[in-house]
Amino acid sequence: MKRIRRIIVVVILCALVLFVSYSCYTSSRLTKYPKEIGGYKDTTFYSNDGGVVAFTEKHAWYFTEEQGIILLTLAGYEDGVIKMTRDEKEFYFIAVDNDTLYDEQTKKIFTKGVRYG
């Protein structure tokens, strides 16, 4: 009986070590987006349905089939969330990583420098 308990404890300990190691590995990858909005300057992102987000120093050109092309003003950047405005309407993009943005309004993924279609 004592031997079985030891084996169970060793298995649980190994599982715990693997879980903690995996958690540390994945959490270190979650913050791979630029610390400042300047990291996106002169960068273009494309969606798979033809949408485009092109950043300049203080603005971003934004194109979708639904809205056409509009010029957005960069209003803020915090923890990977890019806030842009136009005519008092707010647009939010979430930095998934350095090469990928998620458009909160249209629920679409934009990828850096890769044009589809």
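The values are calculated or read from the model by the stated rules, or taken from the named source; none is laboratory data. Worth saying up front: this structure is predicted, and the values here are computed from it rather than measured. Every residue, glycine as well, gets a Cβ built from its backbone with ideal geometry; the counts of neighbours run over all protein chains shown.
Looking at this structure, is Gly39 under 23 Å from Thr106 (Cβ atoms) and in contact (Cβ under 8 Å) with a residue 60 or more places away in the chain?
Criteria not met by Gly39.
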Considering (1) loosely packed, with under 10 Cβ neighbours inside 10 Å; (2) modelled with pLDDT of 85 or more, say which one Ala15 fails and leave the rest.
(1)
Members of region 104-114 that are in a strand (DSSP E or B), in contact with a strand residue (DSSP E or B) (Cβ under 6 Å, 6 or more places away or on another chain) and not hydrophobic (A, V, I, L, M, F, W, C)
Thr111, Lys112
For region 35-87, how many residues are assigned to a strand (DSSP E or B), of a type in the set (D, E, K, R) and more than 18 Å from the chain's Cα centre (by Cα)?
1
Of the conditions (1) at positive phi; (2) not in a loop (DSSP other than H, G, I, E, B), Val96 satisfies every one except a single condition; which number is it?
(1)
